[in-house]
Amino acid sequence: MAAPHLHLLLVLSLALSLCLFPDTARAQLRQNYYASSCPRVESIVRGVVQNKIKQTFVTIPATLRLFFHDCFVQGCDASVIVASTATNKAEKDHSDNLSLAGDGFDTVIKAKAAVDATPGCRNKVSCADILAIATRDVIALSGGPSYPVELGRLDGLSSTAASVNGKLPQPTFTLNQLTGMFAANGLTQTDMIALSAAHTLGFSHCSKFANRIYSFSSQRAIDPTLNSTYARTLQSMCPRNVDPRIAINMDPNTPRTFDNMYYKNLIQGMGLFTSDQVLFHRLQVQAHC
């Protein structure tokens, strides 16, 4: 039997490849969707992604997180990219999306421009498909699995901040809350655990986990499930009243590599968020199956 983390990476590959979210599942996706209309679309997007990564590593976690935040709200339709207007507050300006790094948006915008500049491709490829391709590429280019992307998504015609309410998991979620939210998107606990491995890349602002290191409960200042040494390290990096712009790596060991360190960190009590650590019990159960 394959090691648990390898199995979970395969599930991650499958979940992202099929993009198992309600609106997308009805879209009749297929590989080589643009074979006749824009046959080089994947190589064009990959070239843009590679150049973006050379400019800044933030491109990788920013694109990956952007894809997740897009898919969990109205399906993978790129509606999270739509700008607000004087009469409409769009998804990207919801409080849960304000921390999305600009490099994710920039990756899609630049890739779309490059695709549209290619003869025969103008206005043929959706931003939703470009984001899906770019997400696969940032995973592969940071050491993770590569996988075929099924294409044919349509760009969303509606984007409202109100549509985000209650659709995205929070750092403080319990296992039941996480399971319910992922189930609402057609994803199992196995899918949830695999997709959570994306926390092996990127960073988080101190405010997202401050309660775990300063005010966990009336009896304990520090969350007892948190590794004590790691907790002290977090306190030194995120002192009380820290600048809200300060952020730290979610994976303290290999923050720039898409690997299985996320799971190893959980075993050591080094999951940064409550929502990460509550998965550990489930991961233990899976490991013995």
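Estimated from helices alone, the mean residue ellipticity of the chain at 222 nm is -13500 deg cm²/dmol (sum of -39500 (n - 2.57) over DSSP H runs with n ≥ 4, per residue). Residues in segment 135-151 carry Karplus couplings, in order, of 5, 4, 5, 5, 5, 5, 6, 10, x, x, x, 9, 7, x, 9, 7, 10 Hz; the curve used is 6.51 cos²θ - 1.76 cosθ + 1.60 with θ = phi - 60°, and Gly or Pro positions show x. Shown in residue order for segment 69-79 are the 3J(HN,Hα) couplings computed by the Karplus curve 6.51 cos²θ - 1.76 cosθ + 1.60 at θ = phi - 60°: 5, 5, 5, 7, 9, 10, x, 7, 10, 6, 5 Hz (x for Gly and Pro). The fraction of accessible area contributed by carbon and sulfur in the chain is 56 percent, rounded to a whole number (1.4 Å probe; ligands and nucleic acids excluded).
Of Ala198, Ala184, Ala162, the residue with the greatest mean-square motion in the GNM of the chain, using alpha carbon springs below 10 Å, is Ala162. Label positions at Thr172 and Ser228, each projected 7 Å from the Cα along the C-beta direction, are separated by 2.6 nm. Under a 5 Å amide H cut-off, with hydrogens placed 1.01 Å from N, Ile222 pairs with Phe216 among residues at least 5 apart or on other chains.
Go ahead and collect, in residue order, the members of segment 180-204 whose backbone nitrogen is under 17 Å from a label point 7 Å along the Cα-Cβ direction of Ala140. So the set is empty, nothing qualifies.
Before I look further, what does the chain give for accessible area per residue, probe 1.4 Å, in whole square angstrom?
Details: 13430 Å² over 289 residues.
About 46 Å² of surface per residue is accessible.
In this structure Thr179 has an accessible area near 40 Å², from a 1.4 Å probe over the protein heavy atoms.
For Arg220, the accessible surface of its heavy atoms amounts to roughly 130 Å² (probe 1.4 Å, protein chains only, rounded to the nearest 10). In this structure the amide hydrogen of Phe203, modeled in the peptide plane, comes within under 5 Å of the amide hydrogens of Met250, none closer than 5 places in sequence on its chain.
The values are calculated or read from the model by the stated rules, or taken from the named source; none is laboratory data. Keep in mind the model is a prediction, meaning the values are calculated, not measured. Note: ideal-geometry Cβ built from the backbone for every residue, glycine included; neighbour counts use all protein chains shown. In case anyone asks, the SASA skips ligands and DNA or RNA and just uses the protein heavy atoms, side chains included. Shrake-Rupley method; radii C 1.70, N 1.55, O 1.52, S 1.80 Å.
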